[in-house]
Amino acid sequence: MTRTDAYGLPATATDAALARYDQAVKDLLGWGRGALDGFLEAARLDPGFGLTHAGAAICLFLEERFAPAREAAERARAAVATHTARERSHVESVALLVGGRPGPAEQQMREHLETWPRDVVVLQRLYFVWFWQGRFPEILGLTTRLLPAYGEDSFVLGLHAFALEEADRCQEAVRTAERAMARNTQDAWAVHALAHALYEMAAFDEGVSRLPPAIHPCQHLNWFRNHLVWHLALMHLSRGNYARAVGISRSAFERAPSAIAGDLHDSIALLWRQDLLGLPVGDRWRPFATIARERLDRQGLLFHAAHLAMALAGAGDWATADTQMGMLRQRTGKDTTGLVADVLIPLVEGVQAFARQEYRAAIERIEPLRPRIVELGGSRAQRDVFHDTLLEACFRAGDGDRATHLLAERVARRPDHNWLRRGRTPAA
């Protein structure tokens, strides 16, 4: 029997399965660790409920369990064959995505949202397809257009708040994130948007004060709770409280090194930032280089590949670094975007040169990429690690003119403690 889900859209399911599905959707939107179990339980309650198989496919895909994700998507396709047009279109969007066809998936999702703008699961998936392509103006256009359909829904307000921040509309982002958090204190993406906005506004003291109580209600989270803590570490680094930031690095990321992609990005980037600051890292790179070696077959996300390169370079594992570079070069012929050859490989070469203390070579490789690093995806705060590597290379290479120019841009955008200090230190 066709019923309506929590967003008023048709869903062919039993009452019990639909109730469990709606909760699983909330977990998916809110980065809750119970999302996959919720979708699987809904499927057990009603094996013919196609949307819940699609939800499981998304979760499995996010966990990099790609074969089971495709299998779940095919179960969803079979289940919705005689269901409503909305369900068939939703499932097709998911199936294309987890099947490794992002281009057709994007087109399908865009068309789907034209007809069913309140299909929030599809909205979230399209949002993150674009996130990992660095297409932030399109993300903002999407949330701006669809927000009126959702009213005060916290999850969509949170999505919109982050899009505002990436467009440098930080005051609006703070207000929008606060609206979302007032509706739902466990909306982790809204907390995340607030963290980003305060950081970009250089409101580091306010961030250190506001983030811990904002994070505390989010006890239900998966790995994303560590990401919120990572933002707290960035606040401490930027205000010059290095000891506190290193303490967070050690306790949240180094105590039990994680191979989960999001955790791994944060761990590696935080260690690299410590290196840039001249803080000792040394053998603390080792476990992350080990994980990087084991993940060379998981470099589909270019942002991820760049972070694996940082871990290998930081640890001085040049044999594996050479292996990775060979793998990346082999991909160039099949990469229709050209990003591997034009952006990723020279960026990795620049990172490797920096780790080898070949600072002029690092400058030569990274500087031409400045306007294109965004195409690898990730937020402004995440991408800063590459831009900051270039700037620090200028100082260490004694390139005073270039350092002065880039430093002025950097401090004008966000006056972090380290760069203010660097401005008082001649390049040498």
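The values are calculated or read from the model by the stated rules, or taken from the named source; none is laboratory data. Because the structure is a prediction, the values reported are computed rather than measured. Please note: Cβ atoms are built from the backbone with ideal geometry, for glycine as well, and neighbour counts cover all protein chains shown. Surface areas here come from the heavy atoms of the whole protein model, side chains and all, with no ligands, DNA or RNA. Shrake-Rupley method; radii C 1.70, N 1.55, O 1.52, S 1.80 Å.
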Rounded to the nearest 10 degrees, the helix 50-62 long axis (Cα) sits at an angle to the longest Cα principal axis of the chain of 10 degrees
Taking protein heavy atoms only, a 1.4 Å probe, and rounding to whole percent, the accessible area of the chain owed to carbon and sulfur comes out at 52 percent
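Subtract the Cα-Cα distance of residue 22 and residue 259 from 0.36 nm times their separation in residues, and report this length gain in nm to one decimal. Before the final figure, lay out each step's value.
Values: separation 237, 0.36 × 237 = 85.32 nm, distance 2.96 nm.
Extending this stretch completely gives an extra 82.4 nm.
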With the dipole of segment 375-428 defined by +1 on each Lys or Arg Cβ and -1 on each Asp or Glu Cβ, the option from 390, 404, 376 whose Cα lies farthest towards the positive pole is 404
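When Rg is the radius of gyration of the Cα atoms in the chain and Rh is its Kirkwood radius, what does Rg/Rh come to? Please list the in-between numbers first.
On the way: Rg = 22.0 Å, Rh = 22.5 Å.
Across the chain, the Cα-based Rg/Rh ratio is 0.98.
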Segment 4-161 accessible area per residue, 1.4 Å probe, protein heavy atoms, integer Å², reads 38 Å²
In whole angstrom, the spacing between the Cα centers of segment 112-151 and segment 217-245 equals 27 Å
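Quick one: if the Förster radius is 45 Å, what FRET efficiency do residue 152 and residue 64 give, using the C-beta to C-beta distance and rounding to 0.05?
0.85
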1/(1 + (r/R0)^6) with r = Cβ-Cβ of residue 37 and residue 209, R0 = 45 Å, i.e. FRET efficiency to nearest 0.05, evaluates to 0.80
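Just from its helices, what would the mean residue ellipticity at 222 nm be for the chain, if runs of 4 or more DSSP H residues each count -39500 (n - 2.57) and the sum is divided by every residue, rounded to the nearest 500 deg cm²/dmol?
Numbers: 23 runs with 289 residues, N = 428.
Taking each H run of at least 4 residues, the total per residue is -21000 deg cm²/dmol.
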Residues whose built amide H sits under 5 Å from the amide H of residue 11, excluding neighbours closer than 5 in sequence, are 3, 4, 5
Heavy-atom accessible area per residue of segment 224-308, all protein chains kept, 1.4 Å probe, expressed in Å², is 35 Å²
